[in-house]
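Worksheet: the structure to be examined is printed underneath.
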Amino acid sequence: MSKYYTLGGLQDILTGEGSFIINTIKYKSTTIGYTAKLIYQISVHPSDEAILHALKAFFKGAGHIIYTEHYVAYRVEKLSDILQFIIPRFSHHAIFFF
């Protein structure tokens, strides 16, 4: 069984493999012509795809899994899901940097 299936392993993959992305999109109805979208994404080698399915289940089905030629990613794009599931995980489990 992979270490990522434990709660400690979950935090490892969230912080080690995950990243927050701010995507800017052309949007004519805004004053400046752009809008920003917050995305949380975890990318792994295709052989570790099962980890992403476990994460999606852990976060109650929030987000989706995308496939590319070189990696598989779990991506959460809906702001309400990021605020409800992702951010609290970091708030309750502090991350320390040295």
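The values are calculated or read from the model by the stated rules, or taken from the named source; none is laboratory data. Predicted model, so just to flag it, every value in this text is computed and none were measured. Virtual Cβ from ideal backbone geometry, glycine too; neighbours counted across all protein chains shown.
Of all residues in segment 39-69, how many are in contact (Cβ under 8 Å) with a residue 24 or more places away in the chain and more than 22 Å from ILE87 (Cα to Cα)?
Of the residues in segment 39-69, 4 are in contact (Cβ under 8 Å) with a residue 24 or more places away in the chain and more than 22 Å from ILE87 (Cα to Cα).
Show the residue pairs that are 6+ apart or on different chains and have beta-carbon atoms under 9 Å apart, the first residue being within segment 23-38 and on the phi > 0 side of the Ramachandran plot, the second being assigned to a strand (DSSP E or B) and not hydroxyl-bearing (Ser, Thr, Tyr).
If the second residue must be assigned to a strand (DSSP E or B) and not hydroxyl-bearing (Ser, Thr, Tyr), the pairs left are GLY33/LYS26.
Give me the residue from segment 45-98 that is modelled with pLDDT under 90 and of a type in the set (Val, Ile, Thr) and, out of that set, nearest to GLU17 (Cα to Cα).
Here the answer is ILE51.
Filter segment 67-82 for residues that are outside any helix (DSSP H, G or I) and of a type in the set (Val, Ile, Thr); which is farthest from GLU49 (Cα to Cα)? Working first, answer last.
First pass over segment 67-82, keeping only residues outside any helix (DSSP H, G or I): 67-78.
Keeping just the survivors that are of a type in the set (Val, Ile, Thr) gives 68, 72, 76.
Values: THR68: 12, VAL72: 6, VAL76: 16 Å.
The qualifying residue farthest from GLU49 (Cα to Cα) is VAL76.
Considering only residues that are closer than 21 Å to PHE85 by Cβ and surrounded by 10 or more Cβ atoms within 10 Å (Cβ to Cβ), look in segment 17-34 and name the one that is modelled with the highest pLDDT. If you could, list the steps in order and put the result at the bottom.
Initially, segment 17-34 is screened for residues closer than 21 Å to PHE85 by Cβ, giving 17-23.
Pick out the ones that are also surrounded by 10 or more Cβ atoms within 10 Å (Cβ to Cβ) and you get 17-21, 23.
Details: GLU17: 72, GLY18: 79, SER19: 83, PHE20: 86, ILE21: 87, ASN23: 90.
Per the stated criteria, the residue is ASN23.
Please go through segment 43-83 and pick out each residue that is within 12 Å of the chain's Cα centre (by Cα) and of a type in the set (D, E, K, R).
Result: LYS56, ARG75, GLU77, LYS78, ASP81.
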